[in-house]
Amino acid sequence: MSTTIPKEVIYPDPRRDLVEKLKAARALLAKGWCQCSYANDKHGRQVGSYSHEAVEFCISGALGRVDGDIDLHRIVERVTEYSIPVYNDRPGRTQDEVLAVMDKAISSIRT
């Protein structure tokens, strides 16, 4: 009696992994977003994106916190058509715009 192992167990889809990481970064940005710093604490002071005190993140900080994979940055930059810091830190940029870009990045990956 043989057991068939599902194809996705043998050959995991790397796109699904990218989607999950982008969703995790989006969740961090939804909780708290900042500009001109990778991350801020609850008092608005700059901290590292890996700090346990970090409660607000820029796009790069959120992606870095989730995984330093350069592919994540490239996916978001392809959607924004700008470098992440230029997009994230533009005066007048809103958290809703950043979340919409993350949604576009997530939906741009075909799983």
*Could I have the simple spin-label model distance between CYS36 and ARG93, label points 7 Å from Cα toward Cβ, reported in nm to one decimal?*
1.3
*asked:* What FRET efficiency comes out for GLN46 versus SER107 if R0 is 41 angstrom and r is the Cβ-Cβ distance? Round to the nearest 0.05.
replied: 0.85
*Report, in degrees rounded to the nearest 10, the 0 to 90 angle that the Cα long axis of helix 14-31 makes with the longest principal axis of the chain.*
30
*In the range 20-107, what is the count of Lys pairs whose alpha carbons are under 15 Å apart, counting only pairs at least 8 residues apart or on separate chains?*
4
*Rg and Dmax [Cα atoms of the chain; Å; Rg one decimal, Dmax integer]*: 16.1, 65
*Measure nothing fancy, just the Cα-based angle from helix 95-107's long axis to the longest principal axis of the chain, in degrees from 0 to 90, nearest 10.*
20
*For a quick protection proxy, order the peptides 90-99, 35-44 by their average other-Cβ count within 10 Å, most packed first.*
35-44, 90-99
*Mind sorting LYS21, LYS31 by how few other Cβ atoms lie within 10 Å of their own Cβ, fewest first?*
LYS31, LYS21
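We did not get these values from a lab; they are worked out from the coordinates using the rules stated. This one's a predicted model, so the numbers in the text were calculated from it and none came from an experiment. We place every Cβ from the backbone using ideal geometry, glycine too, and count neighbours over all the protein chains shown.
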